[in-house]
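Written out below as structure tokens is the structure these notes cover.
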Amino acid sequence: MRAAVSLLTRLPLTTASSSSPRLSTFPLLHLRSLTVAASTSSSSSPYVTVPTQHQQPTDQLPSSETEGGTRRWRPMCLYHTQDRCTKMDDHTHLEKFNHDFAKDLRVNVVDAGRMSPQDMDYFLVLDLEGKVEILEFPVLLLDAKTLAVVDLFHRFVRPSQMSDQRINEYVEGKYGNFGVDRVWHDTAISFNDTVDQFEGWLKKHRLWVKEQGGQLDRAAFVTCGNWDLKTKIPQQCWVSRMKPPPYFVEWINLKDVYLNFYHRQAKGMMSMMSQLGIPVFGSHHLGIDDTKNITRVLQQMLIDGAHMRITARRKPEFPGGVQFFFEDRII
């Protein structure tokens, strides 16, 4: 079946090894209207696109942000995502950088009748970055009913067991090609401070009360794989000499839910997005961009009727300390 749709193409996803442009050099973008074939996946993506090498990325900008009839994509201000932007009254800065974290994640839920009731009211989409120590801690709060992004928590994290020279090498290797290494150095805080601020953010949204056992209330973490909460959080807590917070004890591995819902395997974020016909944007392995892309997969799966439930829980009595609840899962 074919349908006439308004096509919103996105910035092609880049990797750290690519010769991608830095954040301040992306070109002007244009809105196009095309007739496209329906997706070959089991769903109709709310992010309709047929990306090609000739198309330019676009964004749904307010009319005040158009220039000469064209619309331009703007990168997120990574100072703003960490509540550190001091240029909110600078017109040039506001024209150059996006300060609306939810802009790329608004969906038109035309088939809401297919959505399944969820056990949680909110999902906390998390994608950590940093193999040696955590360098980036981004979390998007998604409303399970409306699919609206409620809030964002984003911090760059400074390693605690590295010399300054090793940190500089580590950060340059990780973020240099993205052009955000300067922002990292300006804003990074310790993992302990990150956890303290994150807990304050959870309390603000009434998702966590330390005095009531410390686990999440009406919410669950969503990750693309088990590594973030099964492996990296315990490792980082040990390095930072802190006990792992109890709200990290369980999570939803989106890859396992995807496998059991669509009955096809997708080993990572990129393959899930490709199979669902969802356009990718940003820089792969820049945590905030990956978190947004994972959120887009989650939104699509919810629209298609997937039921999100806990896939893993940390329990000392199980091999490796983790109990997995899906028989069919991605190893």
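The values are calculated or read from the model by the stated rules, or taken from the named source; none is laboratory data. Computed from a prediction, not measured in an experiment: that's the story for all the values here. No Cβ is skipped: glycine too gets one built from the backbone with ideal geometry, and neighbour counts run over all protein chains shown.
Listed values, structure above:
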{"read-out": "Yes/no for Val180 being among the aliphatic types (A, V, I, L, M), touching a Leu at 6+ places or on another chain (Cβ under 7 Å) and modelled with pLDDT under 95", "value": "yes"}
{"read-out": "Where Trp238 falls short, out of the listed (1) over 22 Å from Val132 (Cα atoms); (2) at pLDDT 95 or above; (3) surrounded by fewer than 18 Cβ atoms within 10 Å (Cβ to Cβ)", "value": "(1)"}
{"read-out": "Criterion (acidic (Asp, Glu), assigned to a loop (DSSP other than H, G, I, E, B) and within 26 Å of Arg218 (Cβ to Cβ)) met by exactly one of Asp104, Asp196, Asp119", "value": "Asp119"}
{"read-out": "Unique match (being more than 30 Å from Gln215 (Cα to Cα), at pLDDT 95 or above and of a type outside the set (Lys, Arg)) among Asp151, Asp186", "value": "Asp186"}
{"read-out": "Criterion: in a loop (DSSP other than H, G, I, E, B) and either free of Cβ contacts under 8 Å to residues at least 12 places away in the same chain or touching a helix residue (DSSP H, G or I) at 6+ places or on another chain (Cβ under 9 Å) (or both) - qualifying residue of Leu124, Leu147, Leu140", "value": "Leu147"}
{"read-out": "Output for the range 100-118, where each listed residue is of a type outside the set (A, V, I, L, M, F, W, C), more than 16 Å from the chain's Cα centre (by Cα) and modelled with pLDDT under 95", "value": "Asn108, Asp111, Gly113, Arg114, Ser116, Pro117"}
{"read-out": "Strands (runs of 3 or more DSSP E) fully within the range 246-331 counting 2 or more residues that are buried (at least 19 other Cβ atoms within 10 Å of the Cβ) and at negative phi", "value": "250-253, 312-314"}
{"read-out": "Of all residues in the range 153-170 being buried (at least 22 other Cβ atoms within 10 Å of the Cβ) and of a type in the set (A, V, I, L, M, F, W, C), the one that is nearest to Trp201 (Cα to Cα)", "value": "Phe153"}
